[in-house]
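Take a look at the structure below.
The values are calculated or read from the model by the stated rules, or taken from the named source; none is laboratory data. Predicted model only: the values in this text are computed from it and were never measured. FYI the Cβ positions are ideal-geometry reconstructions off the backbone, even for glycines, and counts take in every protein chain you see. Protein only, heavy atoms only, side chains kept; ligands, DNA and RNA dropped before computing areas. Shrake-Rupley method; radii C 1.70, N 1.55, O 1.52, S 1.80 Å.
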Amino acid sequence: MTDSAKENHPSNQMWGGRFAAGPDAIMEAINASISFDKRLYAQDIRGSRAHAAMLAATGIVTDSDAAAIREGLLTVLSEIEGGNFPFRVALEDIHMNVEARLKEIIGEPAGRLHTARSRNDQVATDFRLWVREQCDAAMQGLQALIGALLGQAEAGAGWVMPGFTHLQTAQPVTWGHHMMAYVEMFGRDMSRFADARARMNESPLGAAALAGTSFPIDRHMTAEALGFDRPMANSLDAVSDRDFALEFLSASSICAMHLSRFAEELVIWSSAQFRFVALSDRFSTGSSIMPQKKNPDAAELIRAKIGRILGATVALFTVMKGLPLAYSKDMQEDKEQVFDAADTLMLALAAMEGMVRDMTARVENLERAAASGFSTATDLADWLVRELGLPFREAHHVTGALVALAEAKGCDLPELTLAEMQSAHAGIRQDVYSVLGVHNSVASRQSYGGTAPDQVRAQVVRWRERLGEVQ
């Protein structure tokens with residue numbers, strides 16, 4: 001084989017055996033986005049219908065052409081939803097695939113649809129519409145999860161469990177209080193998606209390639225038709241901005257981190273060493289070799305999902321960080337990671353909601369653990385301050401001495417005799433024992449946001465009111 005023949009042979013290693021047609025096939029493969037941006041078909045058709053109506057209203061195209069376009073687009077939509085649409089890689093993307101099929105259906109009027117717009121503002125509009133819908137979906141998923149947590153919190157407002165710092169027993173808290181901590185976290189996640197949605201709710205449509213258009217278009221009309229608050233004010237920014245996707249990914253990453261933290265606790269709590277919760281069979285699996293095992297696989301998988309979502313966030317930041325205005329082909333790489341992150345987040349939210357609704361707290365085990373590890377030591381120190389007037393540092397020292405005594409005896413603080421208590425400070429009285437029980441401890445934490453059952457119930461009511469779930 002001659003050198004010339006080798007250069008053009010399909011198996012030339014320069015191109016690889018995957019691309020039999022050489023560089024043309026490689027260019028088609030790297031340039032085409034239809035394999036993933038076909039997910040934007042509904043948004044693309046919705047945007048095109050709004051654009052066609054505006055072109056007619058401004059006299060740029062005839063009413064009859066606009067009507068044919070809008071009806072033809074509904075046919076295309078029906079074909080795609082019915083699984084009968086012939087997606088073609090040669091047409092590169094969802095926009096050209098839809099427009100080519102529209103021309104096959106209605107003929108010459110289809111060529112007027114692209115008047116006064118570009119694929120640049122078209123894709124920016126499609127993608128913004130899609131991400132806006134994902135913000136709505138995430139908020140709905142979070143609301144459902146919060147509802148499940150509120151149910152757990154209400155049921156367990158008075159159940160005592162250990163509170164931890166450094167994963168060491170710290171002070172008694174209530175089950176309901178622990179559940180409400182995650183309600184607050186996921187509530188902030190809801191607000192982040194709501195904030196991002198409000199900021200992204202401006203329309204790029206009509207910005208055209210980058211400079212606007214000389215046609216007398218009405219961008220306010222298309223913005224209103226697509227549910228946007230207003231058109232974007234700068235055409236360069238309109239086609240080059242992907243902040244909306246970055247904000248969605250950032251909010252998703254924080255939310256996934258919260259899900260991962262909770263999942264970690266469920267993994268720990270369901271272990272044989274803790275036995276704080278029993279997860280339902282629906283969200284657990286067995287072992288192929290150890291018949292006794294019940295693995296919290298759903299929680300473990302949720303715990304891992306942050307990797308995908310955070311990875312998508314970093315990927316898009318990396319794509320965007322060096323791009324000059326306005327549009328660059330690099331921005332075609334904005335979608336796949338956002339699609340994957342959105343799918344991953346919704347799956348994780350649904351799985352966590354199911355686990356929370358199904359899980360059963362082992363109340364006796366929780367209370368037994370709450371009483372261990374000298375968890376009421378702070379209550380003893382507070383009593384010394386409140387009842388005997390000791391400075392807190394001195395009370396801390398006295399309490400530490402009593403903890404050391406109890407530890408040496410192999411008992412807990414309530415099991416020390418009064419004489420043993422008084423060996424550390426003569427002023428200690430019999431009523432000190434009233435603060436050493438875990439139920440008394442949690443009941444005393446009546447400060448706003450504290451763990452007392454009444455405080456927990458008040459927070460449940462506040463959140464039900466916020467979610468419109470007052471019953």
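Given 273, 62, 84, which one lies farthest toward the positive end of the charge dipole of the chain, if we put +1 on the Cβ of every Lys and Arg and -1 on the Cβ of every Asp and Glu?
It is 273.
Which is farthest toward the positive dipole end of the chain among 314, 116, 34, measuring Cα position about the Cα centre, with Cβ charges +1 (Lys, Arg) and -1 (Asp, Glu)?
314
For region 345-392, with only Lys/Arg (+1) and Asp/Glu (-1) charged at the beta-carbon, what is the dipole magnitude about the Cα centre, in debye rounded to 20?
So the dipole magnitude of region 345-392 works out to roughly 100 debye.
Kindly express, to the nearest 10 degrees and within the range 0 to 90, the angle between helix 453-467's C-alpha long axis and the longest C-alpha principal axis of the chain.
Taking Cα atoms only, the helix is inclined about 10 degrees.
For the chain, give the magnitude of the charge dipole about the Cα centre (Cβ charges: +1 Lys/Arg, -1 Asp/Glu; no others), in debye to the nearest 20. Intermediate results must be reported in sequence, preceding the final value.
Numbers: 45 positive and 59 negative charges, 86 e Å.
That gives the chain a dipole magnitude of about 420 debye.
In debye, nearest 20, what is the charge dipole magnitude of region 369-458 about its Cα centre with +1 on Lys and Arg Cβ and -1 on Asp and Glu Cβ, if you could check?
That gives a dipole near 180 debye.
How much length would be gained if the chain were fully extended between residue 420 and residue 467, taking 0.36 nm per residue of separation minus their Cα-Cα distance, in nm to one decimal? It would help to have the intermediate numbers written out before the result.
Numbers: separation 47, 0.36 × 47 = 16.92 nm, distance 5.19 nm.
Value of the extension gain: 11.7 nm.
Run the simple label-point estimate for residue 264 and residue 89 please: 7 Å along Cα→C-beta, distance reported in nm.
4.3 nm
What FRET efficiency comes out for residue 164 versus residue 58 if R0 is 45 angstrom and r is the Cβ-Cβ distance? Round to the nearest 0.05. Each step should come with its number before you reach the end.
Working: r = 64 Å, r/R0 = 1.43.
With a Förster radius of 45 Å, E is 0.10.
Can you give the calculated 222 nm mean residue ellipticity of the chain, where each DSSP H run of n ≥ 4 adds -39,500 (n - 2.57) and the sum is split over every residue, rounded to the nearest 500 deg cm²/dmol?
Mean residue ellipticity, 222 nm, calculated: -19500 deg cm²/dmol.
In percent, how large is the relative contact order of region 71-213, given Cα pairs closer than 8 Å and 6 or more residues apart?
29 percent
Considering only 460, 249, 51, whose Cα is most displaced toward the positive end of the charge dipole of the chain, charges sitting on Cβ of Lys, Arg (+1) and Asp, Glu (-1)?
460
Given 103/335; 38/321; 38/103, which pairs have Cα atoms separated by over 20 Å?
103/335; 38/321
Provide the percentage of antiparallel DSSP beta bridges, counting only those with both residues in the chain; round to the nearest 5.
Restricted to the chain, the bridges split so that about 80 percent are antiparallel.
Based on the Cβ-Cβ distance from residue 431 to residue 257, what FRET efficiency comes out when R0 is 56 Å, to the nearest 0.05?
Efficiency computed from Cβ-Cβ geometry: 0.80.
Rounded to a whole number, what % of the accessible area of the chain do carbon and sulfur atoms account for, probe 1.4 Å?
53 percent
Over the chain, average the accessible area per residue using a 1.4 Å probe and give it in Å², no decimals.
Ligands and nucleic acids excluded, the result is 47 Å² per residue.
Using Cα pairs under 8 angstrom and six or more residues apart, how large is the relative contact order of region 372-450, in percent? The partial results should precede the final answer.
Values: 65 pairs, mean separation 27.8, N = 79.
Averaging sequence separation for qualifying contacts and normalising by length gives 35 percent for region 372-450.
Between the alpha-carbon centers of region 242-272 and region 320-397, tell me the distance in whole angstrom.
Spelled out, the Cα-based centre of one part sits 9 Å from the other.
Given a cut-off of under 8 Å on Cα pairs at least six residues apart, what relative contact order in percent is computed for the chain?
After rounding, I find 16 percent.
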